[in-house]
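Student: Quick one: structure below, then a few questions.
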Amino acid sequence: MTTTPSEQGVQAQGVSLGMPQLPAPDYPDDVRARLEADAREVIARYPDSRSALLPLLHLVQSEEGHVTRTGMQFCADMLDLTTAEVTAVATFYTMYRRKPSGDYQVGVCTNTLCAVMGGDAIFEALQDHLGVGNGETTDDGKVTLEHIECNAACDFAPVVMVNWEFFDNQTVDTAKRLVDDLRAGAQVEPTRGAPLCTFKETARVLAGFPDERPGAVEAGGSAGPASLIGLRLAKGEMTPARVVHPRGSGGPQDQPPAEHLSSHDAPQQTSASDPAHPAGPVSEEEGE
Amino acid sequence: MTLAAEIKDTGPEKLLAPVLSAFWDEDKSWTLDVYRRHDGYEGLRKALAMSPDDLIAYVKDSGLRGRGGAGFPTGMKWQFIPQGDGKPHYLVVNADESEPGTCKDIPLLFANPHSLIEGIVIACYAIRSSHAFIYLRGEVVPVLRRLHEAVREAYAAGYLGENILGSGLDLQVTVHAGAGAYICGEETALLDSLEGRRGQPRLRPPFPAVAGLYACPTVVNNVESIASVPAILHKGKEWFRSMGSEKSPGFTLYSLSGHVARPGQYEGPLGITLRQLLDMSGGMRPGHRLKFWTPGGSSTPMFTDEHLDVPLDYEGVAAAGSMLGTKALQCFDETTCVVRAVTRWTEFYAHESCGKCTPCREGTYWLVQLLRDIEAGKGVMSDLDKLNDIADNINGKSFCALGDGAASPIFSSLKYFREEYEEHITGRGCPFDPAKSTVWADKDKHAEVNA
Ligand code: FES
């Protein structure tokens, strides 16, 4: 993970040149006692305690919303490491935030496939709409916007993640509506995943503590529509080689019912029905 | 032959073979109940009736090869674990799916996590391990929830824990969430990360089979590889070998994405072609043509429409000059600028380079500078040779495969689309309109016409 100059800048802010930093303030006693109990549970999962460092960094992030010097000191104490060793790890991984951030982390995938399919346009529009740049947080402290790398959901492109839940098949409009809802405090449902909780609550699941909310595991159904395409074809539940846009069934977020009634939903022309506009290899052969 | 007859002959019912994905459309497919109703944990019973060595031989004979990119025979990996060495052995499942374009393990774990758990128990019995780890990338919390739940269910049902099904096997499984780093998909970097360090690759030898996690013998396998094992045991290695080819037998998940009519997961025998997949699924989006595609993620050299008939198995793709990789078929149509695509991938590699070795750390940085200039119309012709040169200094000279992956899109795009690079230089800018590539581009067009 190469550090960008701006990230280094953030790091440097708290450092006074020439003078060693004062030790990080400790957690209040009750907080520390609670976190220690959690930490011991995490450490017990591994043959070697140091393996618990990544989950413990998620754990301290669930306490404060980002990884603070206090949090890193806590990890070092629990694992018998130096703060330098902990800092080296905390700064390597992109999921650890090093400054206060919003309740909802909105990540727009701008790796090539999503970018081309509309991710770039979505990211640009959200920056305009929210008035923040990459990695910045809205004034109300609700939304931190960033661009993210491929999140293993390319068949649902363009993809937006909020607190690491999937919002599939996004458009500029749906993404804007999404951040507006988040800022207004409306309950937002991902296309795949559980009803949103705050970033801190998500970090606790990442530390290895199962989500106890009723229905959280079930939410989102068995599989997203794109995951089922091959199966449906193999079972003869779909007509082969007939193009019906698959995005209609992407869930409530990405396709409001009103749009379903428009003419866009009429079966689109296929390579078979529209030889003048060959859609792919099927018609290449037939054209001879 | 009529079109209808043709489709029937080469129709999806014949060409596809859902195994891992066979019941993803059922309600609560991720639960133990549904998994059991589909013969779940039957393969485990068969495995436990064999001796561990026979089991390893059986998996070897099935011909199963790694589904995470490299294609190394799974049974052979297991066989490398020294026995009777007195050290603990570990199984580490690589669920750090992050290769751009790759999106098979995440839906698999979301819809059918028990296939992985069952595979883990079988593998651990074979390699005599009593502790397995699932290293899941952190950015997929819905999948993490299902894994937590599946492991809980498996413990409660006696498939994990002590004396599993009366076999004497004790096994503990730890689900471990990563924290965002592509490099951790590299198996030795993953081990360092799992030990609580920065994820940087290790020098090999020693290989993980000898000195892996905590310097103990360790097998690192991809999710799909391990999840495929229960079906092989349950239905038999002959059944498995009846699919695919001699050297690339079995079924696998192909992930179709991009400008295609129906992006998604397609499970079928190895050796299917992109033409067959597109034929059965409606081709490219209406009115557009395939321009370039990756057979297995961005690290595998790209193909063009000349490669539609390449059999998508390990040998077929290698013979055509690329790699099967993760079978992530990212398809781009004629509206897509190849320079833009390659620039973005290269930015990704530069960002994800762990910084350990110079060729990759510095090389990817300079590639990005050159590519950005070319894309912005500020390049000169000699930049193209320079790109090739730098890529050549990264490829094969880096500490791990990340560098080779970064060089792939450069080499292959220059090979097939050099004129397009030149156009950016002579035309002082990009000739493409990115708006035309978006999923909504053609919908907007319709709307205008209808208005
Ligand atoms: S490129 Fe966006 S999820 Fe893969």
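Student: Specify whether the C-alpha gyration tensor of the stretch B:306-451 places it in the rounded, prolate or oblate class, a ≥ b ≥ c being the square roots of the eigenvalues: rounded for a/c under 1.5, otherwise prolate if a/b is larger than b/c and oblate if not.
Tutor: Verdict is oblate for the stretch B:306-451.
Student: Sticking with this one: For the stretch B:123-260, what proportion of DSSP beta bridges, expressed in % and rounded to the nearest 5, is antiparallel?
Tutor: So the antiparallel bridges in the stretch B:123-260 amount to around 25 percent.
Student: Within the protein assembly as shown, what percent of beta bridges assigned by DSSP are antiparallel, to the nearest 5?
Tutor: If I count the DSSP bridges inside the protein assembly as shown, around 50 percent turn out antiparallel.
Student: Could you give the size of the charge dipole of the protein assembly as shown about its Cα centre, using +1 on the Cβ of each K and R and -1 on the Cβ of each D and E, expressed in debye and rounded to the nearest 20?
Tutor: Using only the charged Cβ atoms, the result is roughly 1260 debye.
Student: Give me a single rounded figure for B:169-180: the average over its residues of other chain Cβ atoms within 10 Å of their Cβ.
Tutor: Per residue, the average neighbour count from other chains is 5.
Student: Take the eigenvalues of the Cα gyration tensor for the stretch B:117-250, scale each by 5, and report the square roots as semi-axes in whole Å, largest first.
Tutor: They are 25, 20, 16 Å, listed from largest to smallest.
Student: Here's another thing I want to ask about it. In whole Å, what is the distance between the alpha-carbon centres of the stretch A:46-67 and the stretch B:130-206?
Tutor: 16 Å
Student: In addition: Ordered by packing density, taken as the mean number of other Cβ atoms within 10 Å over each peptide's residues, highest first, how do B:401-409, B:236-244, A:148-156 rank?
Tutor: Result, highest mean first: A:148-156, B:401-409, B:236-244.
Student: In whole angstrom, note down how far apart the Cα centers of the stretch A:168-232 and the stretch B:325-376 are.
Tutor: 30 Å
Student: Which whole number gives the average, over all residues in A:132-145, of C-beta atoms from other chains lying within 10 Å of the residue C-beta?
Tutor: The per-residue average across the peptide is 0.
Student: Given a cut-off of 36 Å, what percent of all Cα-Cα pairs of chain B lie beyond it?
Tutor: Result: 30 percent of Cα pairs exceed 36 Å.
Student: Kirkwood hydrodynamic radius for the protein assembly as shown: how many Å is it when counted over pairs of different Cα atoms?
Tutor: Kirkwood hydrodynamic radius for the protein assembly as shown: 26.2 Å.
Student: What is the stretch B:220-356 by shape, rounded, prolate or oblate, if you read a ≥ b ≥ c off the alpha carbon gyration tensor as root eigenvalues and call it rounded for a/c under 1.5, prolate for a/b larger than b/c, and oblate otherwise?
Tutor: Here the stretch B:220-356 falls in the oblate category.
Student: Which entries of B:Lys77/B:Lys104; B:Lys415/B:Lys443; B:Lys291/B:Lys386; A:Lys99/B:Lys327; B:Lys291/B:Lys443; B:Lys104/B:Lys291 show an alpha-carbon separation above 28 angstrom in the structure shown?
Tutor: The pairs that break the limit, which is 28 Å between Cα atoms, are B:Lys415/B:Lys443; A:Lys99/B:Lys327.
Student: Out of A:Ala184, A:Thr138, A:Ile122, whose Cα points farthest toward the positive end of the dipole of the stretch A:114-188 (charges: +1 Lys, Arg; -1 Asp, Glu; placed on Cβ)?
Tutor: A:Ala184
Student: Something else: Once whole DSSP H runs in chain B are found, which of them have Cα atoms spread over 30 Å or more along the helix axis and a mean Kyte-Doolittle score of at least -0.5?
Tutor: Long hydrophobic helices here: B:401-426.
Student: Same structure, new question: Can you give the charge dipole size of the stretch B:95-204 about its Cα centre, rounded to the nearest 20 debye, using +1 on the beta carbon of Lys and Arg and -1 on the beta carbon of Asp and Glu?
Tutor: Here the stretch B:95-204 has a charge dipole of around 140 debye.
Student: What share of the DSSP beta bridges in chain B is antiparallel, in percent to the nearest 5?
Tutor: 45 percent
Student: For A:Val143, list long-range residues whose amide hydrogen, built 1.01 Å from N in the peptide plane, is under 5 Å from its own amide hydrogen.
Tutor: For A:Val143, the qualifying residues are A:Asp103, A:Tyr104, A:Thr138.
Student: Taking a spot 7 Å from the Cα of B:Asp373 along the direction of its beta carbon, which residues of the stretch B:391-409 have an amide N less than 15 Å from it?
Tutor: B:391
Student: Do the alpha carbons of any pairs in A:Lys235/B:Lys14; B:Lys356/B:Lys378; B:Lys356/B:Lys397 sit beyond 19 Å of each other, and which pairs?
Tutor: Pairs exceeding the cut-off: B:Lys356/B:Lys378.
Student: In terms of the Cα gyration tensor, with a ≥ b ≥ c the square roots of its eigenvalues, is the stretch A:85-202 rounded because a/c is under 1.5, prolate because a/b exceeds b/c, or oblate?
Tutor: rounded
Quick note: the coordinates plus some simple rules give every number you see, no bench work behind them. Not measured: the values here are computed from a predicted model. All Cβ positions, even for glycine, are placed from backbone atoms using ideal geometry, and neighbour counts span all protein chains on display.
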